[in-house]
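Colleague: Provided herewith is a single structure, encoded as structure tokens, for subsequent inquiry.
The values are calculated or read from the model by the stated rules, or taken from the named source; none is laboratory data. Values in this document were obtained by computation on a predicted structure and should not be read as measured data. Virtual Cβ from ideal backbone geometry, glycine too; neighbours counted across all protein chains shown.
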Amino acid sequence: MVVRPYLLSSLLALAVIVAATPALARCVLDPTPCRGCGCKGGPGWREIATGRCVGFRDIDRRCGRPPSPRLCVFENAPGTGANHDCALAPATPPKDDPKPRP
């Protein structure tokens, strides 16, 4: 059996991508391009001072609680808030990770 070079390189690239995926990246994201804060499931707020989208973990610190229109702008992109529970869940290591030593 002859292994084609492109097949071997494709399998190697796939193995590298899978191995490099962090344990906390378990949220399902839509890979299609979108515009606006929250379009990938985030909270949908943009910090006025920096012009950057704010994530669930930083929203209280950057925008206030409840978010203040003086600090942030709500963009309400389609999909806003869809990944709330996933984004705030504690990171869980893969099942094949060795147990930490005491």
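Colleague: Of all residues in the stretch 71-81, which are part of a loop (DSSP other than H, G, I, E, B) and modelled with pLDDT of 80 or more?
Modeller: Let us first name the residues in the stretch 71-81 that are part of a loop (DSSP other than H, G, I, E, B), namely 71, 75-81.
Within the stretch 71-81, Leu71, Glu75, Thr80, Gly81 meet the criteria.
Colleague: What residue, among those in the stretch 40-51 that are of a type outside the set (A, V, I, L, M, F, W, C) and surrounded by fewer than 11 Cβ atoms within 10 Å (Cβ to Cβ), is farthest from Val73 (Cα to Cα)?
Modeller: The first filter runs over the stretch 40-51 and keeps only residues of a type outside the set (A, V, I, L, M, F, W, C), leaving 40-44, 46-47, 50-51.
Imposing the further condition that a residue be surrounded by fewer than 11 Cβ atoms within 10 Å (Cβ to Cβ) reduces the set to 50-51.
Working: Thr50: 11, Gly51: 9 Å.
Going through the qualifying residues, I end up with Thr50.
Colleague: OK, next. Pick from the stretch 21-52 the residues that are within 15 Å of the chain's Cα centre (by Cα) and among the hydroxyl-bearing types (Ser, Thr, Tyr): which of them is modelled with the lowest pLDDT?
Modeller: Thr21
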